[in-house]
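The values are calculated or read from the model by the stated rules, or taken from the named source; none is laboratory data. Because the structure is predicted, anything quoted here is derived from the model rather than measured. Note: ideal-geometry Cβ built from the backbone for every residue, glycine included; neighbour counts use all protein chains shown.
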Amino acid sequence: MKISLIFSKERSDTLGIYFEKALKSLRHDVEHFWPKDMAKIKPGFDLYFRIDDGYYDYLIPKTLSPRIYYVSDVHLKGPFKKIKRHIYGGAYDLVFCPMRREIDILRKRSPVEIIWMNAGCDTEIHKRLSIERSCDIGFVGTDGGVPRKFYLQEIRERYPNSLIGPADHMEMSRIYSSSKIGFSFPVRGECFTMRNYEIMACGAMLLMKRLRDDSAERLGFIDRKNIVIFDGPKDLFRTIDHYLTNHKERQEIAERGYALTVEKHTYVQRTRQMLDIIKDRFKIL
């Protein structure tokens, strides 16, 4: 397929970069456009694929179709307001979104189909390295707002042999591959996040806050089988203490999480799923 892929490349660790790599690995003819250049895109592509990147003042010309949108920042109040306006106004022909609660809101007024499509991992970047798991807890990211920053500060104090804080995305594999447990707590909104997949793809046991819906289960991730879920601070620290001392149990959960992630939850697999849907909806050969 000949695909026009539209997103900002200001960062090298965005969804757009991962989807572009996946599309090219599947041998599609991909041409990248920056959002500011959308008005210059010519006809002749099989589809026009917009990846959410925080720029909402640029729209794909209505003369081009099909216009596909993978939208991710629906958990942020300001962006969600703009996203709703564009979707309700018919700016896209099909929308993919990773957050089910926001999908339910959008579907009430959307003139187009909105499909739940979670994120994934890039196994060339997020991968298990052959190094010792010498650290207790791993977390790559900012402290964020309340309450995550309080959780992270308490983890730092209780488990000083941990790696917690911002890091270049190319360092992520080293951090999670050397960690026994990977911690996940979304700042705003709730869905099965990119961080979850990145932790498991590196072979660490995922310890995540319970979601408000059954997204994890729908994706095949079951508490105490291939991930571990906590409810509140007391449960969190009790759970950490348990799995840091029960090595075999922790390693078995981590291994099952790793196997499921690399088998079914990579960006290549997500891209295949979306393209199959797009081909079916728009009769693209």
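Residue-by-condition table, conditions (1) among the β-branched types (Val, Ile, Thr); (2) assigned to a loop (DSSP other than H, G, I, E, B); (3) in contact (Cβ under 8 Å) with a residue 12 or more places away in the chain:
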residue: 9; (1), (2), (3): no, yes, yes
residue: 13; (1), (2), (3): no, yes, yes
residue: 18; (1), (2), (3): no, no, yes
residue: 27; (1), (2), (3): no, yes, no
residue: 31; (1), (2), (3): no, no, yes
residue: 48; (1), (2), (3): no, no, yes
residue: 61; (1), (2), (3): no, yes, yes
residue: 78; (1), (2), (3): no, no, no
Among the listed residues 74, 95, identify the single one that is under 21 Å from residue 120 (Cα atoms), in a strand (DSSP E or B) and not basic (Lys, Arg). 95
Being out of contact with any Leu (no Cβ under 6 Å at 6 or more places or on another chain), in a helix (DSSP H, G or I) and either free of Cβ contacts under 8 Å to residues at least 24 places away in the same chain or over 22 Å from residue 51 (Cα atoms) (or both) is the requirement here; does residue 240 meet it? yes
Which residues, counting only those in region 33-46, are of a type in the set (A, V, I, L, M) and either in a strand (DSSP E or B) or modelled with pLDDT of 95 or more (or both)? 41
What is the residue count in region 157-211 for residues that are of a type outside the set (S, T, N, Q) and loosely packed, with under 15 Cβ neighbours inside 10 Å? 10
Across region 9-29, what is the number of residues that are surrounded by fewer than 19 Cβ atoms within 10 Å (Cβ to Cβ) and either of a type in the set (Phe, Trp, Tyr) or farther than 10 Å from residue 267 by Cα (or both)? 11
Reported set for region 54-94 where residues are surrounded by 14 or more Cβ atoms within 10 Å (Cβ to Cβ) and polar (S, T, N, Q) is 65, 72
Among the residues listed as 260, 236, the single one being hydrophobic (A, V, I, L, M, F, W, C) and in contact with a Gly (Cβ under 6 Å, 6 or more places away or on another chain): 260
On the basis of being touching a residue at least 12 places away in the same chain (Cβ under 8 Å) and touching a Ser or Thr at 6+ places or on another chain (Cβ under 7 Å), does residue 192 make the cut? yes
